[in-house]
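Novice: The structure follows.
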């Protein structure tokens, strides 16, 4: 069942159109990744969904009705760079957020402590936010977004500013959260989308370039692929270039000393390439046979 429906949504600033008549549905209990290059319209779309930006035209409906106070109470939102009052403690801030959602003082305090514990900040709840690290602030943003138990959680680039450890912690939290609430998040980290999402909405130049379940898109776009890397010798690079004309190669991407080949017969390609490399004494640093990834789909659809 659809939780959120978006129909012909548009946002323009004078002559510049940031989002161009996009339509999609978000089903209950799904995790949806909004992908796209910089300037694709992802943040503008999420801000309209969150009610922070008025659409120029189009409609957003929540379970068949236009979003109102009930929708906002059921919504959690974390911007790309959350801003906090540094003089507050983490607990004070989340209690403040809980009260804004309509909770009384006792319930707000109880829910805030529960939310802080959930994101791993219970031991730092009484510290001033000004002393929090970037990862702690990102988790605090999640705590305030979850304190009122939202039905829809919207996250804009939730791991973009984090180090590898912080990114992993937040992704593990999202894996848990998606088990009980609907999640929409934008990201540039395609591996994260593959790891936890059910559905993909891929935007480019303000439009939806492709959308569907991850399994459907993989099935539609997936091709056998060979990835090669050689030492940076002139002869090796020329050999990589010559492979592009082989009959089993459907599509090729050459990047100097490495190449990606979509093939129609992976076994034939494997045999031919390895035999030629041995005969010509080409120093192979990488040989990988597999299937095209979400990154390959991204590059193909956005035309990079």
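Novice: Rg to Rh ratio, the range 149-304, alpha-carbon atoms and Kirkwood radius? Intermediate values should be presented prior to the final figure.
Specialist: Numbers: Rg = 19.3 Å, Rh = 18.0 Å.
Across the range 149-304, the Cα-based Rg/Rh ratio is 1.07.
Novice: For residue 289 and residue 128, calculate 0.36 nm times their separation in residues minus their Cα-Cα distance, and state this gained length in nm to one decimal. Mind dumping the intermediate values first?
Specialist: Details: separation 161, 0.36 × 161 = 57.96 nm, distance 5.12 nm.
Answer, rounded to one decimal: 52.8 nm.
Novice: Picking from 97, 33, 193, which is most flexible by a Gaussian network model of the chain using Cα springs under 10 Å?
Specialist: Largest GNM mean-square fluctuation: 97.
Novice: Another question, if that's okay. Cα atoms only, the range 2-213: Rg and Dmax in Å?
Specialist: So, for the range 2-213, Rg and Dmax equal 16.9, 50 Å respectively.
Novice: Using Cα springs under 10 Å in a Gaussian network model of the chain, which residue among 243, 152, 49 shows the largest mean-square fluctuation?
Specialist: Judging by the Gaussian network model, the answer is 243.
Novice: So what's the angle, to the nearest 10 degrees on a 0 to 90 scale, between helix 164-177 and the longest Cα principal axis of the chain?
Specialist: Taking the Cα atoms of the chain, the angle to 164-177 is about 60 degrees.
Novice: Counting only C-alpha contacts under 8 Å and six or more residues apart, can you give the relative contact order of the chain as a whole percent? Numbers along the way, then the final one.
Specialist: Working: 557 pairs, mean separation 59.0, N = 304.
Over the chain, the number comes to 19 percent.
Novice: Shifting gears a bit: Taking the 0 to 90 degree range and rounding to the nearest ten, how far is the long axis of helix 266-279 tilted relative to the main principal axis of the chain, both from C-alpha atoms?
Specialist: 60
Novice: Quick check: the distance between the Cα centres of the range 70-91 and the range 163-199, to the nearest angstrom?
Specialist: Between the Cα centre of the range 70-91 and that of the range 163-199, the gap is 18 Å.
Novice: Just to be sure I understand: of the beta bridges DSSP finds with both ends in the chain, what percent are antiparallel, rounded to 5? Write down the numbers at each step before the final one.
Specialist: Values: 38 of 55 bridges.
Among the beta bridges of the chain, antiparallel pairing accounts for roughly 70 percent.
Novice: I've got another one for you. Would you mind checking the tilt of helix 134-146 against the longest principal axis of the Cα atoms of the chain, expressed as 0 to 90 degrees and rounded to 10?
Specialist: Long axis of 134-146 versus the principal axis of the chain: about 60 degrees.
Where a number appears in this text, it was derived from the coordinates with a stated rule and is not lab data. Please read all numbers here as calculations on a predicted model, not as lab measurements.
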